[in-house]
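All of the numbers you see were taken from the coordinates with simple rules; none came from a lab. Nothing here was measured: the structure is a model prediction, and the numbers come from that model. Glycine also receives a Cβ, built like all others from the backbone with ideal geometry; neighbour counts cover every protein chain displayed.
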Amino acid sequence: MKEIIPPPPPILRNRLAEVRELFARHVAPTYARFDLVFSHGSGSYVWDVAGRRYLDLGSGIAVCALGHANPEITEALVEQSRKLVHVSNLYYTEAQGRLAQALTQLIGPGKVFFGNSGAEANEGLFKLARKFGHAEGRFEILTAANSFHGRTLAGISATGQEKVKHGFEPLVPGFRHIPFNDLAAARAALSPATVAILIEGIQGEGGITPATPEYLLGLRALCDEQKLLLLMDGVQCGHFRSGRFQSFQRIFEGVPGGGEFLPDGLSMAKALGGGVPIGAFWARAPYADLLGPGTHASTFGGTPLACAVALKVLEVVERERLADHVRELGGWLKGELERLVGAYPRALKTARGLGFMLGLELADHPPGLAGDAKPAAQMIARLHQAGLLAIPSGTHVIRLLPPLNLTRHQAEEGLGIIEQVVKSMV
């Protein structure tokens with residue numbers, strides 16, 4: 001007999017324990033993961049395996065530029081995968097050339113190398129600097145306290161945070177740390193071995209701290225004077241997150257002489273592929289040709305698949321005027337966070353950042369939070385319970401890194417959740 005009534009759906013069960021067991025048995029324990037297992041997403045929302053929805057204001061740590069399951073990214077992936085997914089960099093592909101052209105048009109004259117991640121992009125900058133100074137025996141790169149430049153051995157050596165270095169000594173030589181936004185300290189730290197200075201336009205892991213225009217202009221003048229390379233890590237703060245393509249472009253808006261500023265090298269990744277792994281670094285002339293054939297390589301760097309998606313992300317950002325949107329809505333959101341700081345001074349200390357790279361700093365000893373866990377991690381867990389994803393930064397800062405196409409309604413929803421959680425603490 002033909003069955004006309006479909007069988008009942010299987011009972012939804014929370015698969016958290018099952019997935020956690022898989023990780024416990026088979027995945028290296030290199031992350032302190034939150035107790036969430038996600039199954040799918042759409043735009044600025046993700047759902048866990050129990051069917052609960054969360055507003056995602058973390059974007060995979062500034063990666064998902066157009067949110068989750070963006071149909072145009074899916075279409076680009078499918079269309080390109082029908083043609084070429086990968087070819088060796090022994091050959092030419094149009095997509096890589098077109099993407100490099102698009103990036104140089106957004107930054108300035110120069111050339112681009114493609115890799116897979118931000119750490120790999122920064123490694124390229126390290127090699128560029130060493131190649132530049134090799135004939136003179138110069139190799140030392142100055143980086144900032146509280147900076148973050150990746151998890152490779154050179155990356156943790158460059159990073160200005162001691163916690164990432166423990167257990168991996170001896171570190172790669174050639175890196176020293178200087179205070180951020182302190183030009184006098186940079187000048188005082190120079191040695192005969194110094195070849196470059198590397199900084200972030202907005203420190204991300206270090207607590208959402210933007211560089212000042214005076215600092216950047218001073219570093220540019222210092223590097224020109226001393227024949228040093230000025231390198232910038234735009235992995236997290238780049239790709240329109242500040243409201244301009246690169247954070248230094250946003251920092252210099254309206255600043256006399258700022259429109260002429262350019263670093264000598266710049267690393268990119270995260271939002272570049274909208275979720276598809278791709279990293280890159282740009283170098284301006286006359287340094288763009290320093291790394292010639294045989295000096296640097298990446299097997300999976302600049303594949304047709306990754307470049308096609310990155311081009312699609314750029315197309316959508318331009319068509320939908322998302323840079324303007326990020327500046328406008330980000331300014332409103334920052335103002336609202338500042339309002340919360342004023343309304344709840346026992347729980348909150350400051351709000352800072354640019355565009356959609358915002359930090360909400362907790363008070364030194366926020367009420368309602370206790371125990372050994374860092375206050376930021378405890379606050380993030382409370383936000384999870386209320387249906388919102390954000391990212392901790394250090395011990396006391398909550399990072400908001402939403403998709404570039406976050407709507408005003410979603411921003412208001414997120415702000416309401418944050419205020420609800422803060423109010424429950426006091």
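Largest first, the extents of the alpha carbon coordinates of region 72-319 on the three principal axes equal 55, 42, 35 Å. Ratio of Rg to Rh for region 297-426: 1.08 [Cα atoms; Kirkwood radius as inverse mean 1/r over pairs]. In order along region 41-58, phi translates into HN-Hα couplings of x, 7, x, 8, 10, 10, 10, 8, 5, 8, x, 7, 9, 10, 7, 9, 9, x Hz, rounded to whole numbers, per the Karplus curve 6.51 cos²θ - 1.76 cosθ + 1.60 with θ = phi - 60° and x for Gly and Pro. For region 13-95, chymotrypsin sites (Phe, Trp or Tyr not before Pro) are listed when DSSP marks them as loop and at most 10 other Cβ atoms sit within 10 Å of their Cβ; the list is TYR31, TYR91, TYR92. Among the trypsin sites (Lys or Arg not before Pro) in region 249-332, those placed in a DSSP loop whose Cβ has at most 15 other Cβ atoms within 10 Å are ARG321.
Among CYS223, CYS64, which comes first, then next, by fewest other beta-carbon atoms within 10 Å? Please report the intermediate quantities before stating the final value.
Values: CYS223 19, CYS64 27.
Going from sparsest to densest Cβ surroundings: CYS223, CYS64.
Farthest toward the positive end of the dipole of region 72-319, out of GLY258, ALA184, GLN105, is the Cα of GLN105, where the dipole comes from beta carbon charges about the Cα centre. Listed by Cβ neighbour count within 10 Å, with the fewest neighbours leading, HIS239, HIS177, HIS40 appear as HIS40, HIS177, HIS239. Pairs of Lys residues in the chain are counted when their Cα atoms are under 20 angstrom apart and they lie 8 or more places apart or on different chains; the count is 14. Pairwise Cα separations in the chain fall into 10 Å bins from 0 onward with the following percentages, short to long: 4, 20, 30, 27, 13, 4, 1, 0, 0. Evaluating 6.51 cos²θ - 1.76 cosθ + 1.60 at θ = phi - 60° for every residue in region 195-203, the Karplus couplings come out as 10, 7, 10, 10, 9, 8, x, 9, 5 Hz, glycine and proline recorded as x.
Anisotropy class assigned to region 133-256 is oblate, per the alpha carbon gyration tensor with a/c at or over the 1.5 cut-off and a/b no larger than b/c.
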